[in-house]
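Below is one structure; the comments refer to it alone.
Every number in this text was worked out from the coordinates using simple rules, so none of it is lab data. If you're wondering where the values come from, they're calculated on a predicted model, not measured in any experiment. Here Cβ is always computed from backbone atoms with ideal geometry, including for glycine, and neighbour counts include all displayed protein chains.
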Amino acid sequence: MHTPTPPTAAGRPIAAGERLIAVEMRSVSKSFGDRVALRVDDLQLQSGGSTALIGPNGAGKSTFVKLVAGLLRPSEADVLNVLGRDLAASTPRSLAERRIGLVTNSSQLYGTLTVRENITYMMRLARVPKRERAENLAAALEACALTERADDRVMTLSTGLKQRANIARALAARPELLLLDEPTSGLDPAAAQKVYDTLIDLQTTGITFIICTHLMQEADDLCDRVLFLNTGRILVDGPPDEVRKSAGDIVYTIPANDDANLTAKRDLLRAAGIERLATRRVNGRPTLHVYGLADSAAIDALGMPFEKRPVTLSDAFILLAEEDA
């Protein structure tokens, strides 16, 4: 499979050292009736990067992916440019013609066909030149560790193998941008790791990734940039470490006996000037999580027992969602 040809910058040749932009959005919004599902003021995603879209259900992640894929038209857009094409103005074309691959968490394959036949059929639909198909097929199978399973019917494959076949199917048309919507949802840890390994290896090819996920470990392991969305807006944009540190370095967990006890402890903490709080249930027990403190002195002064640990990306997710509620 040939290395993807990078997009030109606004239709002109690329200058030496110039950073390419794979996705550019300015004043883009999508509404369904009176509800604004997504609003992006100004965003640029660099070519070759890996970006995670995280956020609670209904945050706008799927709408973002569909707009970039050209599967939805924006309600408003000053600029919606993907791989050098203005999607706000251009006539819809197939994903392959726009050099975009899409992988969802549901099978996009025909169960009665073999892996090889599915990929070959997709290349025919994508109008991949016949002279390139054998090479593309072999490379896609190898990239997804499926060479030995190429002649197996899809219906006989495990869920993890089907998902790797989905990725191979998308790769065979040589996309420059790969959109992945919950790529490891429903997979056991071993199968998910195989998908991770495939995607990590593909990052060396120059393909741009956008991964929509609820799994913080997935965002941490696979991506160099995280967009945290809530209620259709991008609240935080940065590397995973930067997003994680938005919740501080240490989280203090304070257990409560019941919901009333939790409310009483929360009120005491807020009265002491501690505002960055999130509520969770740990093993069915209500628990307060305290963020942003340099040390435990303020909690010690209230006589509350606690445990502490380093902040994770999941902590940042929970805190950001609760603060924006």
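The alpha carbons of segment 246-323 give a radius of gyration and a Dmax of 11.4, 29 Å, in that order. Answer with one residue from Phe64, Met25, Pro129: the one whose Cα lies farthest towards the positive end of the charge dipole of the chain, charges on Cβ with Lys, Arg +1 and Asp, Glu -1. Ranked along the dipole, the leading option is Pro129. When Ser246, Ser31, Ser50 are sorted by how many other C-beta atoms sit within 10 angstrom of their C-beta, beginning with the fewest, the order is Ser31, Ser246, Ser50.
Considering only beta bridges that DSSP places wholly inside the chain, some 70 percent are antiparallel. Only the Cβ atoms of Lys and Arg (+1) and of Asp and Glu (-1) were treated as charged; on that basis the dipole of the chain about its Cα centre amounts to roughly 1180 debye. Between Ala256, Ala139, Ala69, the Gaussian network model of the chain with springs among Cα atoms under 10 angstrom shows the greatest mean-square fluctuation at Ala256. Amide H contacts for Leu38 (H built 1.01 Å from N in the peptide plane; partners 5 or more residues away or on another chain; cut-off under 5 Å): Lys30.
Counting other Cβ atoms within 10 Å as a rough exposure proxy, the listed residues Arg270, Arg131 run Arg131, Arg270 from fewest neighbours to most.
Please tell me the relative contact order of segment 21-240 in percent, rounded to the nearest whole number, where contacts are Cα pairs under 8 Å and at least six residues apart.
Relative contact order for segment 21-240 comes out at 30 percent.
Neighbour counting of Cβ atoms within 10 Å sorts the residues Tyr252, Tyr196, fewest neighbours leading, into Tyr196, Tyr252.
Projected label points at Thr159 and Glu322, each 7 Å from Cα along the beta carbon direction, are separated by 3.0 nanometres. Global size of segment 21-240: 17.1, 51 Å for Rg and Dmax (C-alpha atoms, Rg to one decimal, Dmax whole). What the phi angles of segment 28-42 give under the Karplus curve with 6.51, -1.76 and 1.60, with θ = phi - 60°, is a coupling list of 9, 9, 9, 10, 10, x, 8, 8, 8, 7, 7, 9, 10, 7, 7 Hz, glycine and proline written as x.
Compactness of segment 173-224 was expressed as the Cα radius of gyration divided by 2.2 N^0.38 Å, which yields 1.09. What the phi angles of segment 139-149 give under the Karplus curve with 6.51, -1.76 and 1.60, with θ = phi - 60°, is a coupling list of 5, 5, 5, 5, 4, 9, 6, 10, 4, 6, 10 Hz, glycine and proline written as x.
For segment 145-263, what is the Kirkwood estimate of the hydrodynamic radius, computed as the reciprocal of the mean inverse distance between distinct Cα atoms, to one decimal in Å?
Every distinct Cα pair counted, the radius reaches 17.0 Å.
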